[in-house]
Structure formats: C-alpha cells, structure tokens
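Bear in mind these aren't lab numbers, they're just calculated from the coordinates by the rules spelled out. Note that the structure is predicted; figures quoted are calculated from it, not measured. Counting neighbours? That spans all protein chains shown, and the Cβs are built from the backbone with ideal geometry, glycine included.
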Amino acid sequence: MRLALAGHHPRGARAALQPLRGRLAVRSHSGRCAPGSGVSRARLPPVNIVGAGLAGALLALLLARRGIAVTLHERRPDPRQAAPERGRSINLALAARGMRALERAGVMERVRPLLIPMRGRMVHEPTGQTALQPYGQREHEVIWSVGRADLNRVLIEEAARHAGVEVRFSQLCLGADAPRDRLRLRDEASGAEREIALTPTIATDGAGSALRVSLATAGLLSVREDWLDHDYRELSVPPVAGAHTLEPYALHIWPRGGFMLIALPNIDGSFTATLFLARRGEKSFAALRTPEAVAGFFNREFPDAVPLMPDLLSQFAGHPQGQLGTVHATPWQIEGRVLLLGDAAHAIVPFHGQGMNAAFEDCAVLDELIEHRADWEAVFGEFERLRRPNTEAIAQMALENYGEMRDAVLDAD
C-alpha cells in the first residue's frame, strides 16, 4: 500500500535529510546525466533490476542515461497495455525531493501535466464544518497528487526508449541463490522457469520483495516487519459533470480519533478516498461485515462524505483490505551482488507522504554515486551508509504522524 499522505509539518522529513545533502549534492538539472552532455558515462557492467514499479522504472532510466545496460524484470503484464493492478494505491503525494529525482532523469515536463497541487489539509469535522490547514506560508509551498498508473507508464515509456534498456514483463522473481550467483525467474505466460547471473541485481520489487525474502531465508540478511493493528480500504469519489465534488487543491481528511478517512484529488475530477481503521474491535473492519453495518458506520462518522459516493456499499464490498507496516532489513546489500532499494529495503507506513519520495531519492543518490565510483560493490556499500539514517528517520516520523492525523489534527497550530 503506497497511498501517500502529507505530514502536518511538510519540512520535517526534508530537515532530516540535511546531513545527507551536506555530503552528497544531488543535482536537479533535467539534462544533467544525458549521454553526450559532458558527464562521464559510467563504466560498470550490465545490471538486473527486479521490479518495474515507480522506483525500478526511474532507476532504469537514470542508469540508461549513464550508458549502463539494464534488464528490467517485472511480475505484472505491461502496464501500458493492461488495467492498473487492483489493491495498489491510485494516487500518491509527490514532494520536492521526489520532483528533483524526476528532473534529474529529464522527465519532469512529461510528468507535470499529471500533477494536481495540494495546498494543505482540508479537515472535515464531525459537525460538517471544514477548515484548511496550509502546508506552508507561501503559495508555492504545496505537495502534488499524482496518479500511480500514469506516472509508472511515463517512466516505463521513457526508460524503454533507451537502446540499453530491455524490459521483460510477466517475469516472476522466484528468488536468488547467492552462493551460486543465480537469479531465478518464471515467465508467467508460459510457465517456463530460468536462471540468470545474479551479479549485479537491484531489487525494487516493493514491500513484499521476493528477492529480499529469499536472501533472508538463506540467512544473508535479517528482516523485521512491524505491522500496525490498523488496515486500509480504498474507495472512489466520482466526478460530477467532469468536475471535482470537493475542493480540488487540498488533501481532505476526516479525523475521528482512533480512525480516519482521507481523499486525494485526481486529474479526471475524481478523488481516491481511503479509510484507515482498526482490524478488530468495536469500531473496526471486523465490525463492518454487512451492508447495514457499513452504511450505519459511514452515516454516523462521515455523513458529509456519504453523498459523494453513491455506490459506497458495492465499492466497500468489492475492494480489498490492505495491511500497513514498516520493513527493516539489514544489510541492504551483499558484496556488490545484490542491493535492496526503495520499499524493498525500507517500506514505511504512508502517513508522512514520503514513501515514493524516499524511493525516488534513493534512485538519485545511487545515480550520483555511480559518477564517482568504479564498481558496484563500492556503490552499493556507500549507498547504504548514506541512505539508511535518513530512511530510518522518515519511517519513525511516518509512524508518529499517524497518531497526529487521527487524534490531533483538529488542533490547528
């Protein structure tokens, strides 16, 4: 689940990253790493990337611009030709750090039309009153709502344009045999299994990373997954006559103490709403087993949201319930053979709006390191040294922000 929410203090995560910026300048000029631009092209061997989601596709693009050959293995069918995968967040929050990585890859102009600015959090009180809590004091201090599927499509298209990038879809990663230096894959269309050289492979296959699981099973790294006792379920608020039914330039939130409903705008006039609720208890998903229970709960807790979702009951029954958790993996890399990046290394709960942004910054930092190091082992080791403190700080802030958003958001500063 990567639905990103904005923290009450949007500069908090940014401040946590200041020590990194002092050591490693991540340039934001869109043409900075383009072949022929005067930047040295990396002399590194070809690399496998497992997972062509947002981080994997962006990383493939950045590496290709440095002249590094990339084979991108993706479990799903080609998202440019298939419907979005059910259960994955429809939209996400893009902040300045994520935008810098997109600028670095030269794709920001293609991404910009997909963005909707959110100037603050629109709080919906139980009385039906609303109040906007701005993210900043200046007009440009906003975060951006972006559709996951549209953004992923753009990044895959841009990566695939490079001759050095091969994208292989419907390729399920079965794991790695590190002692034998083999990566195991299965073609989901034919069922055929194969092995290829593992070294070097970068895992960007998300919070449930098959590559990370196989390495942990082999005792090559340790993993702790901390699950919340709250789950989530996504709903859709349709447009009316092509227009948004709520203020479009805000992240809407209905805080109710132990739970909350939120909604982010989409460019088609709809909103993606998400209910965050305890798994069990008096007010929980377990208590919402019948249409009558669902209708009663929403009418009591979110009466102003109910008219916006005329098919609420069918949506609630038909949409999957997702879990929320934080992944802690140690180490992220194994002797230049394998690197975990993005959610595969440090998945976080979505309550600070920084999951995608942290993964994108991972890509930018790795790209910068490649410019100054001659082998993957040095790159992978330095990457973990630089990124781990920052991602751990973001993970902690995300957990703390959930309590604030549910309980204290009505107490505006």
Of 57, 207, 374, the most mobile residue in a GNM of the chain (C-alpha springs, cutoff 10 Å) is 374
Give me the dipole magnitude in Debye, nearest 20, for region 190-240 about the Cα centre, with unit charges on the beta carbon: positive for Lys and Arg, negative for Asp and Glu. 160
For the chain, with +1 on Lys and Arg beta carbons and -1 on Asp and Glu, the positive-most of 213, 52, 270 along the dipole: 52
What residue among 339, 308, 288 has its Cα farthest toward the positive end of the dipole of region 288-413, where the charges are +1 on Lys, Arg and -1 on Asp, Glu, each on the Cβ? 288
For 112, 153, 182, 65, which order do you get if you count the other beta carbons within 10 Å of each Cβ and list the fewest first? 112, 182, 153, 65
What is the dipole size for the chain, taken about its Cα centre, with +1 at each Lys and Arg Cβ and -1 at each Asp and Glu Cβ, in debye to the nearest 20? 820
Angle between the Cα long axis of helix 355-372 and the longest principal axis of the chain, 0 to 90 degrees, nearest 10? 20
If one builds a Gaussian network model of the chain from Cα atoms under 10 Å apart, the most fluctuating residue listed among 167, 306, 349 is 306
Roughly how tilted is helix 148-160, in degrees to the nearest 10 and between 0 and 90, from the longest Cα axis of the chain? 20
Residue 352 long-range amide H proximity, modeled H, under 5 Å: 5
Return the distance in nm (one decimal) between the two label points of a simple spin-label model at residue 240 and residue 192, each offset 7 Å from Cα along Cα→Cβ. 5.5
What's the local net charge at residue 179, with K and R +1, D and E -1, over the other residues with C-beta under 14 Å away? 0
Please list, in chain and number order, the residues 5+ apart from residue 122 or on another chain whose amide H is under 5 Å from its amide H, with Hs placed from the backbone. 133, 251, 252, 253
Given the -39500 (n - 2.57) contribution per DSSP H run of 4+ residues, what per-residue ellipticity at 222 nm results for the chain, rounded to the nearest 500 deg cm²/dmol? -9000 deg cm²/dmol
When Lys and Arg each count +1 and Asp and Glu each count -1, what net charge do the other residues less than 9 Å away from residue 73, Cβ to Cβ, add up to? 0
Please report 226, 343 as a ranked list, fewest other C-beta atoms within 10 angstrom at the top and most at the bottom. 226, 343
Using only Cα atoms and rounding to the nearest 10 degrees, what angle (0 to 90) does helix 376-403 make with the longest principal axis of the chain? 10
Using Cα-Cα distances under 8 Å and only pairs 6 or more residues apart, what relative contact order does the chain have, in percent? 23
Contour minus Cα-Cα distance for residue 314 and residue 182 (0.36 nm per residue): 43.0 nm
Give the long-range amide H neighbours of residue 91: residues separated by 5 or more places, or on another chain, with amide H under 5 Å away, using H modelled in the peptide plane at 1.01 Å from N. 148
Spacing of the two label points (7 Å from each Cα toward its C-beta) at residue 279 and residue 292, in nm: 2.8
How do 356, 260 line up, fewest other C-beta atoms within 10 Å first? 260, 356
Treating only Lys and Arg (+1) and Asp and Glu (-1) as charged, each at its beta carbon, one finds that region 339-394 has a dipole about its Cα centre, in Debye to the nearest 20, of 200
Cβ under 10 Å from residue 387's Cβ, residue 387 left aside: what net charge do those residues give with Lys, Arg +1 and Asp, Glu -1? -3
Going toward the positive end of the dipole of region 152-260, with +1 on Lys and Arg Cβ and -1 on Asp and Glu Cβ, which of 248, 167, 196 do you reach last? 196
